[in-house]
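The values are calculated or read from the model by the stated rules, or taken from the named source; none is laboratory data. Model, not experiment: these values are computed from the prediction. Glycine gets a Cβ as well: all are built from the backbone with ideal geometry, and neighbour counts include every protein chain shown.
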Amino acid sequence: MNSAVSETSVARPAPTMRKPHLSELDRLRIITALSVVAVHTLGNSTFLDPTPGALTLQNAFITSFHFTREVFMFITALALVYVYYGKPFDTGRFWRKRALGVLLPYTIWTLIYVIANKRPTSIGGFIWTSLTAILTGDASYQLYYILLTLEFYLIFPVVLRLLPHLARHLKVTLAVSFALEVVILFLDHLVLPTLSLTPGVSTFVNQFFDRFVLVYQFYFVLGALVALHLPQIKAFLSRHSGWVICGGIAALVALEANFLVQVLALHVRISDAVAVLQPMMAPYSLGAIAFLYWLALTLAQRTARHNAKRAERIWSNLSDAAFGVYLVHPLLLGAALAVVAPAVRAWMPVALTVTLLWVITAAGSVGVTIALLKTPVLSRLMGRPGPTPPWLARWLAQWGAWRATARARIAPVAAANGAAWRKLPALVVFPTRAAASQTSQAGQTGQVKRTTRYQRARSTPPALGRNDADASHDLANARTGGE
């Protein structure tokens, strides 16, 4: 890989360059989301056979799926850098879009899981529990990752500024970041448990250490730097597919050997042996990321070679559903464990029972998510705007026309008053600007005519709104950017 990627070969794309959609990320997202369902199914079904041998075997499978959070972090950083690097970046706008697409669903699902899992008995208890759960991500066992993602969104503008400097020292950056990751995992797994901490500090560390974004800094750094060298990385993976497969297998063998040595030779508790935050997870996650990206890339290239448009639409829909699958699957898994598992436990082998639970949960989660994505308003639960009903589209078009007319009438006065333009209260901007563009074109033309003579008389033109072309470009890359 070092020969394929030059440390000084990072070129900033032109701000207006339209980047191609990364079809391999569609595959990688849904594969990882279904792997999350698998690890949670395995982890919650150990009661089916509590004998020591069965527990050891099932936990060996559980630890093999502990690459999911690292892969999601890698995808998040890669997609965001791929979309936003090398173009004008509006921090406020970026955060607003993430607030609507991620923070809003996270908050709503936190409230749902507080009701389902915490079951507060009073309004005050519900409010306090909900606020605490939103800040800690503990309403359900999978929501911590959404909290991590929101933390990364907060620091992403800084990451974007640092990237050109980090990219100039690619090898050193990756080596230092990887070494730091191993040290962090070593401290958490082997040092922190031996320290004599006060009860308050111990509780804080145990609750928040695994949901602090810098604990996983290597995977974000890796994804960001891969985004800058994506053509070379793809070429490397395609040329050396055999080595990538062997590396993935070797990483898995090393992980399982590490697990078995801890359990059988060192007599470590299984709960500690399967911990996600342990030094072995750094090389294993790196091998898993390389293998899974190669697999997703291979699937995408095969689809492209056969021009299978229907298959591409299916992958695209599944990718859109990945976020919803992640959010909703604990509810369906809990129902399957309560209804299906007792019904088949007496006569179905444990391996088949676990597989059946995973299939039911995964298929149900995908179905529920796709149904919600196609439902107006409710699609926001899945982080997407969803379809607009015809009556609402007409109303928004009328609103857009009225807004354009109002701005046209205000513009001459604002231009004449100079700085007062910036103090005018902003009118509401709906996300369906494209639907109203044709209706508002006449109003915008009138605005230009009315303001021409004021602009000639003043050295500084009135400050106008955000560039609509730039907004359209962002929205065109929304799915690639993990929105």
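So, in segment 62-105, of the ones that are of a type in the set (A, V, I, L, M) and closer than 23 Å to residue 379 by Cα, which residue ends up surrounded by the most Cβ atoms within 10 Å (Cβ to Cβ)?
Going through the qualifying residues, I end up with 80.
Could you give every pair whose Cβ atoms fall below 6 Å, whose first residue belongs to segment 276-294 and is crowded, with 22+ Cβ neighbours inside 10 Å, and whose second residue is not in a helix (DSSP H, G or I), counting only separations of at least 6 or pairs across chains?
285/67; 288/67
Exactly one of (1) over 25 Å from the mean Cα position of the chain (by Cα); (2) surrounded by fewer than 16 Cβ atoms within 10 Å (Cβ to Cβ); (3) over 23 Å from residue 226 (Cβ atoms) is unmet by residue 254. Its number?
Residue 254 satisfies all of (1) over 25 Å from the mean Cα position of the chain (by Cα); (2) surrounded by fewer than 16 Cβ atoms within 10 Å (Cβ to Cβ); (3) over 23 Å from residue 226 (Cβ atoms) except (3).
Identify, by number, the condition in (1) touching a residue at least 60 places away in the same chain (Cβ under 8 Å); (2) not in a helix (DSSP H, G or I) that residue 321 doesn't meet.
That leaves (2) as the condition not met.
Can you tell me which residue among 132, 121, 136 is surrounded by fewer than 16 Cβ atoms within 10 Å (Cβ to Cβ) and in contact (Cβ under 8 Å) with a residue 60 or more places away in the chain?
After ruling out the rest, the residue left standing is 136.
On the given criteria, is residue 227 in contact with a Leu (Cβ under 6 Å, 6 or more places away or on another chain) and at pLDDT below 95?
No, not satisfied.
Hey, any hits in segment 381-391 for a residue that's closer than 26 Å to residue 144 by Cα, modelled with pLDDT of 95 or more and part of a helix (DSSP H, G or I)? Talk me through it step by step, then tell me what you get.
Quick first cut of segment 381-391, residues closer than 26 Å to residue 144 by Cα only: 381-386.
So of that shortlist, the ones also modelled with pLDDT of 95 or more come out as none.
Within segment 381-391, not a single residue is closer than 26 Å to residue 144 by Cα, modelled with pLDDT of 95 or more and part of a helix (DSSP H, G or I).
Check whether at least one residue in segment 207-227 is small (Gly, Ala, Ser), surrounded by fewer than 16 Cβ atoms within 10 Å (Cβ to Cβ) and in a helix (DSSP H, G or I), and report yes or no.
Here is the first cut: in segment 207-227, the residues small (Gly, Ala, Ser) are 223-224, 227.
Restricting the remaining residues to those that are surrounded by fewer than 16 Cβ atoms within 10 Å (Cβ to Cβ) gives none.
No; the residues of segment 207-227 include none that is small (Gly, Ala, Ser), surrounded by fewer than 16 Cβ atoms within 10 Å (Cβ to Cβ) and in a helix (DSSP H, G or I).
Within segment 127-141, is even one residue more than 23 Å from residue 209 (Cβ to Cβ) and of a type in the set (A, V, I, L, M, F, W, C)?
So far as segment 127-141 goes, yes, one or more of its residues are more than 23 Å from residue 209 (Cβ to Cβ) and of a type in the set (A, V, I, L, M, F, W, C).
How many residues are farther than 19 Å from residue 32 by Cα and either under 25 Å from the mean Cα position of the chain (by Cα) or of a type in the set (S, T, N, Q) (or both) when one looks only at segment 258-300? Steps first, please.
As a first pass, look at segment 258-300 and keep what is farther than 19 Å from residue 32 by Cα: 258-273, 278-280.
Next, from what is left, pick out any that are either under 25 Å from the mean Cα position of the chain (by Cα) or of a type in the set (S, T, N, Q) (or both): 258, 262, 271, 278-280.
Result for segment 258-300: 6.
Cβ-Cβ under 7 Å, sequence separation 6+ or interchain: first residue in segment 216-235 and touching a residue at least 24 places away in the same chain (Cβ under 8 Å) and polar (S, T, N, Q), partner assigned to a helix (DSSP H, G or I) and surrounded by 21 or more Cβ atoms within 10 Å (Cβ to Cβ). Which pairs?
So the pair list comes out as 217/181.
From the list 192, 148, 174, exactly one residue is more than 30 Å from residue 325 (Cα to Cα), in contact (Cβ under 8 Å) with a residue 40 or more places away in the chain and either surrounded by fewer than 17 Cβ atoms within 10 Å (Cβ to Cβ) or in the same structural domain as residue 285 (by TED's automatic domain parsing) (or both). Which is it?
The match here is 174.
I need a count of the residues in segment 357-416 that are free of Cβ contacts under 8 Å to residues at least 24 places away in the same chain, touching a Gly at 6+ places or on another chain (Cβ under 9 Å) and of a type in the set (A, V, I, L, M).
The total comes to 3.
Whether any residue in segment 166-188 is among the basic types (Lys, Arg) and either out of contact with any Asp or Glu (no Cβ under 8 Å at 6 or more places or on another chain) or closer than 30 Å to residue 330 by Cα (or both) is what I want to check.
No - not one qualifying residue is present in segment 166-188.
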